[in-house]
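Asker: Before I ask anything, here is the structure I am working with.
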Amino acid sequence: MSQRPSLRDRSTILPLSGRPSPDPSGHRYVDDLEGQNDEALEGLSAKVKMLKNLTVGIGNEVRESTVQLSQMNDAFAETSGILSGTFRRMNTMAARQGCRWLWYIVFLVIVFWFFLVVWWFRR
């Protein structure tokens, strides 16, 4: 039976390049290249792992933001319903009272303006 070459021993599988090597068989040069390739592979694996963690983090952030935006949308829709009901009741009240409510609002604006001016000059 013939011995099969080991997968870790790539010198029998890979052809030798034309570079001179200190060892006539070229094993030392191939082993150096193997080490460099393994180091580069480890560096690339670390970068891929870092990118994977980053994309998973971005995905989690997007999901959390989507949930939060959905909750805000629901809150704004509820607030819109409350404000429209209040505005409708205010218009009904104004229609029943005639023009007298307008004078009340004008009076309150003048009083508020007066207090604002007094506060401004007393500072």
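Asker: Could you check region 91-108 and list, in sequence order, the residues that are among the hydrophobic types (A, V, I, L, M, F, W, C) and either in contact with a Ser or Thr (Cβ under 7 Å, 6 or more places away or on another chain) or open to solvent by less than 90 Å² (accessible area, probe 1.4 Å) (or both)?
Answerer: M93, A94, A95, C99, W101, L102, I105, V106
Asker: Next up: Before we move on, is E61 touching a residue at least 24 places away in the same chain (Cβ under 8 Å) and in a helix (DSSP H, G or I)?
Answerer: Against the criterion (touching a residue at least 24 places away in the same chain (Cβ under 8 Å) and in a helix (DSSP H, G or I)), E61 does not qualify.
The values are calculated or read from the model by the stated rules, or taken from the named source; none is laboratory data. As the structure is a prediction and not an experimental result, all values here were calculated from the model. Ideal geometry is used to build each Cβ from the backbone, glycine not excepted, and the neighbour counts take in all protein chains shown. When the accessible area is computed, the model is the full protein with side chains, heavy atoms only, and any ligands, DNA or RNA have been set aside. Shrake-Rupley method; radii C 1.70, N 1.55, O 1.52, S 1.80 Å.
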